[in-house]
Amino acid sequence: MCSSDLEFLLEKDWIPERLRDRYRHIVEEICALSRPMFADPGIPMHRIHGDCHRGNLLWSDMGPFFLDFDDSVIGPAVQDLWLLGPGPRSESASERLVFDSIIEGYEQWKPFPRKSLALIEPLRALRFIHFNAWIARRWDDPAFPRAFPQFGTDRYWEESVQDLAGQLELIRRRPSTTEGESEWV
């Protein structure tokens with residue numbers, strides 16, 4: 001799930017030495033806590049877009065359409081839905097309405113397993129990890145240093161460790177998918 005991204009970042013010495021152990025520990029714990037959540041048989045896995053954020057959603061007179069399917073994978077539907085929605089549901093009533101509307105639209109196609117909402121914070125954490133490795137793997141492309149000038153700096157990795165530590169706390173506090181519906185419902 002996330003071990004190949006972690007191994008790549010550590011192997012290629014992207015993470016400053018003073019932050020390596022902390023980054024590794026946090027990522028390993030995120031992976032360990034998340035792995036059983038993704039194994040829940042009550043959460044179906046099927047073909048998903050994989051990178052279904054608002055930047056990959058275009059609107060025309062005929063309505064919305066998606067592009068950039070190169071990250072298409074097998075996964076839970078909530079992977080695509082949380083990327084289209086706003087931040088955590090607790091932020092505002094209007095944001096809750098947006099997310100509820102996204103789920104309602106999905107359910108016109110097929111039932112949405114509500115307990116998969118407990119995967120949102122693990123998915124967000126895994127995306128942070130994958131994003132770091134994605135940039136590092138493409139760093140030789142001249143466009144990447146221009147697009148991500150802070151990447152590789154101590155400050156970047158300090159913030160990355162801090163963000164992942166915050167995600168780890170959210171994952172620890174969230175109910176598992178087997179405990180029923182998440183607080184997102």
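Apply 1/(1 + (r/R0)^6) to the Cβ-Cβ distance of Ala165 and Phe69, taking R0 = 35 Å, and write down the FRET efficiency to the nearest 0.05.
Values: r = 33 Å, r/R0 = 0.94.
According to the calculation, E is roughly 0.60.
Dividing the Cα convex hull volume of segment 1-51 by residue count, how many Å³ per residue is that?
Details: hull volume 4.6 nm³, N = 51.
Enclosed volume per residue, from the Cα hull, is 90 Å³.
Sum -39500 (n - 2.57) across every DSSP H segment of at least 4 residues in the chain, then divide by the residue count to get the 222 nm mean residue ellipticity, nearest 500. Write out the running numbers ahead of the final one.
Values: 7 runs with 96 residues, N = 185.
Helix-only estimate at 222 nm: -16500 deg cm²/dmol.
In nm, to one decimal, how far is the Tyr106 label point from the Glu7 one, both placed 7 Å along Cα→Cβ?
Simple spin-label model gives 3.0 nm for this pair.
Expressed as a whole percentage, what fraction of the accessible surface of the chain belongs to carbon and sulfur atoms when a 1.4 Å probe is rolled over the protein heavy atoms? List each step's numbers first, then the result.
Numbers: 5530 of 10360 Å².
It is 53 percent, rounded to a whole number.
Just in segment 73-173: which chymotrypsin sites (Phe, Trp or Tyr not before Pro) are loop by DSSP and have at most 10 other Cβ atoms within 10 Å?
Answer by residue number: Trp109.
Longest segment of the chain with no trypsin sites (Lys or Arg not before Pro) in a DSSP loop having at most 13 other Cβ atoms within 10 Å? All intermediate terms of the calculation are to be shown ahead of the outcome.
Working: sites that count: Lys12, Arg138.
Value returned for the longest uninterrupted segment is 13-137.
Answer with a single label: of [x] 14.1; [y] 13.2; [z] 11.7, which was calculated as mean projected area of the Cα convex hull in nm² from the structure in view?
Checked against the structure: label [z].
Do you know the relative contact order of the chain, to the nearest whole percent, from alpha carbon pairs under 8 angstrom that are 6+ apart? Could you put the intermediate results ahead of the total?
Numbers: 203 pairs, mean separation 53.7, N = 185.
Relative contact order comes out at 29 percent.
The values are calculated or read from the model by the stated rules, or taken from the named source; none is laboratory data. Predicted, not measured: the structure shown is a model, and the values here were computed from it. A quick note on method: Cβ atoms are made from the backbone with ideal geometry, for glycine too, and the neighbour counts reach across all protein chains shown. Ligands, DNA and RNA are stripped out before the accessible areas are found, and what is left, the full protein with its side chains, is counted by its heavy atoms. Shrake-Rupley method; radii C 1.70, N 1.55, O 1.52, S 1.80 Å.
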